[in-house]
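Okay, structure first, notes after.
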Amino acid sequence: AAKLSPEKLLCQLRDRVNVTMIQGSDGPFDTSEWQQYLPGKSLNETVGRLGRCAVVSSAGSLKSSHLGQEIDSHDAVLRFNGAPIRGFQEDVGQKTTIRLVNSQLVTVEEQQFLREALYNTGILIVWDPAPYHAEIHEWYRKPDYNFFESYKSYRSIHPEQPFYILNPKMQWQLWDILQENSLEHIQPNPPSSGMLGIVIMMTLCDEVDVYEFLPSKRQTDVCHYYQKFHDRACTMGAYHPLLFEKNLVKHINQGTDEDIYTHGKVTLPGFRNVHC
Ligand code: NCC
């Protein structure tokens, strides 16, 4: 497969990756029971039009980065899973507009998820690794993690907090583009939360700065900025096609290599500003 130019690749992402949240009109969620749980407003209505946005990876290389102020200067900030703020503001900032969590966290770590104050700020979005190009009905019958009951519990405890379920079609539309633009065969596992979050923000914002997804000079085997755990697979990928995601993001970066090296920063256009 020949690699597309950055401009063409951006057009493919804009036109083929359909970023939507599950709505009450989507079967099998079109029941009166589900109507009580799914948010009434769309994500677009909830966030409004966003200008400059930041996506903060959870990488260990954020430690001692002093990027907090720069990150908080954005109109909106997206974070992942259980990535904390308290005690790390200097490096990762304190604003959280959206938190994207995987279904494993919501299910396996349900008690923490329901209790920890960390999750009560901003808009929550959960995603689940659905079978390849499965219809919503098929996915609903066999999700990777059955997070639906935990989702309902959370909604009952925090009915005012917007909490969306990502339409699972998006991950495979994105995966297809990753595969088409890679020379190697990619295992059919869904993209990481990081890559999904980047594309979600590209649909909502005019411009997206991504921090420490492409590692800076601080690159380390320490998995997360908030833990002492070492594992190179966190940065390079094992289950998720992380290396391919990072190559693609590098290809469409509109910022400088210097910004990557010093700040781990990549700048991407929002899809509104992509003209095909
Ligand atoms: O680690 P995780 O990811 O929560 O990180 C969020 C995103 O940041 C980017 N990242 C992270 C670490 C690193 N050294 N380099 C990076 O680039 C990645 O883009 C990553 O997606 C996930 O994607 O949802 C993941 O979730 C964890 C875990 O489930 C959650 O943290 C909840 O505890 C997965 N780890 C395990 O299952 C052990 C991880 O594989 C993927």
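A few points about this structure:
- Counting only protein chain heavy atoms and rolling a 1.4 Å probe, the accessible areas of Asp75, Asp176 rank, largest first, as Asp75, Asp176.
- Taking the C-alpha atoms of the chain, convex hull volume expressed per residue in Å³: 124 Å³
- Note on the chain: dipole from Cβ charges, positive end direction compared against His230, Gln187, Ser57; the farthest Cα belongs to His230.
- 20 Å Cα-Cα threshold exceeded, pairs from Lys169/Lys250; Lys8/Lys246; Lys63/Lys217: Lys169/Lys250
- Base-10 log of normalised Debye intensity for region 187-276 (one unit scatterer per alpha-carbon) at q = 0.13, 0.14, 0.19 Å⁻¹: -0.45, -0.52, -0.93
- Per principal axis, descending, Cα span of region 48-92 in whole Å: 31, 21, 17
- Projected onto its three principal axes, the C-alpha set of region 123-177 covers 37, 22, 14 Å, listed from the longest axis down.
- Every Cα-Cα pair of region 1-137 was included, and the share exceeding 22 Å stands at 53 percent.
- Using the alpha-carbon positions of region 162-205, Rg (one decimal) and Dmax (whole number) come out as 11.6, 40 Å.
- Both numbers refer to the Cα atoms of region 15-54; Rg and Dmax are 13.0, 38 Å.
- Built from the Cα atoms of region 55-193, the convex hull projects on average onto 9.7 nm², one quarter of its surface area.
- Exposed trypsin sites (Lys or Arg not before Pro) absent - longest run of the chain, DSSP non-H/G/I/E/B, at most 14 other C-beta within 10 Å: 87-216
- Two-decimal Rg to Rh for region 34-114 - Kirkwood Rh, Cα set: 1.02
- Net charge in the neighbourhood of Leu67 (other residues with Cβ under 9 Å of its Cβ; Lys, Arg +1, Asp, Glu -1) is -3.
The values are calculated or read from the model by the stated rules, or taken from the named source; none is laboratory data. All figures in this text were calculated on a predicted structure; none of them were measured in a lab. We place every Cβ from the backbone using ideal geometry, glycine too, and count neighbours over all the protein chains shown. Ligands, DNA and RNA are excluded from the accessible area calculation, which covers all protein heavy atoms including side chains. Shrake-Rupley method; radii C 1.70, N 1.55, O 1.52, S 1.80 Å.
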